[in-house]
1. Just to be sure, is residue 190 touching a strand residue (DSSP E or B) at 6+ places or on another chain (Cβ under 6 Å), in contact (Cβ under 8 Å) with a residue 24 or more places away in the chain and under 24 Å from residue 38 (Cα atoms)?
2. How many of the residues making up the stretch 125-167 are surrounded by fewer than 16 Cβ atoms within 10 Å (Cβ to Cβ), in contact with a strand residue (DSSP E or B) (Cβ under 6 Å, 6 or more places away or on another chain) and over 17 Å from residue 81 (Cα atoms)?
3. Quick one: would you say residue 183 is surrounded by 15 or more Cβ atoms within 10 Å (Cβ to Cβ) and either within 15 Å of the chain's Cα centre (by Cα) or without any contact (Cβ under 8 Å) to a residue 24 or more places away in the chain (or both)?
4. Give the number of residues within the stretch 148-163 that are over 21 Å from residue 114 (Cβ atoms), out of contact with any helix residue (DSSP H, G or I) (no Cβ under 6 Å at 6 or more places or on another chain) and touching a residue at least 12 places away in the same chain (Cβ under 8 Å).
5. Taking the condition out of contact with any helix residue (DSSP H, G or I) (no Cβ under 9 Å at 6 or more places or on another chain), surrounded by fewer than 15 Cβ atoms within 10 Å (Cβ to Cβ) and under 22 Å from residue 40 (Cα atoms), does residue 113 pass?
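Just so you know, all these numbers are worked out from the coordinates, no wet-lab data involved. For clarity, every value in this text was computed on a predicted model and none was experimentally measured. In this analysis, Cβ positions are derived from the backbone assuming ideal geometry, glycine residues included, and neighbour counts consider all displayed protein chains.
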């Protein structure tokens, strides 16, 4: 019983969105399974403009333009995707309890009958600290750790998931390249 209470507490903690991830994006941050399902259905959330971002965000909102030249760029999310705040240990691919809770919510969503046949890409992202090569390798390890958790602990069919790392090439918050908001796992539906 105590373990169940702890798990519920961790899921609630994971559902608390990272401020920069959640300010203007209904499919980002710490999301509950119902919101993840809504975001990952074909076409994403109806009536939103995900993927269309102004080049100058409103004051206080994360900078998320469609593209920025150079080695560090922000890329608008595909319509059927979520940017989850999955936390890892500093400079590692070891999941924290908060990261585990976020992935547990994702696993619940991916097992929902409305998504049960869909395929997804698990994309790891880092902030801009460190070299390109280092961040690339770290993002790949984190994406694979998330995929492994979804398969081994979450009961998701491994044939439905692929993992890829983008390093620091697709920052969520370009205005703050070292922000924790950039260290995230993106889940992209690849069959819509």
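1. Details: touching a strand residue (DSSP E or B) at 6+ places or on another chain (Cβ under 6 Å): yes; in contact (Cβ under 8 Å) with a residue 24 or more places away in the chain: yes; under 24 Å from residue 38 (Cα atoms): yes.
Considered against the rule, which asks whether it is touching a strand residue (DSSP E or B) at 6+ places or on another chain (Cβ under 6 Å), in contact (Cβ under 8 Å) with a residue 24 or more places away in the chain and under 24 Å from residue 38 (Cα atoms), residue 190 comes out as yes.
2. Count: 0.
3. Working: surrounded by 15 or more Cβ atoms within 10 Å (Cβ to Cβ): yes; either within 15 Å of the chain's Cα centre (by Cα) or without any contact (Cβ under 8 Å) to a residue 24 or more places away in the chain (or both): yes.
The answer is yes for residue 183.
4. 1
5. yes
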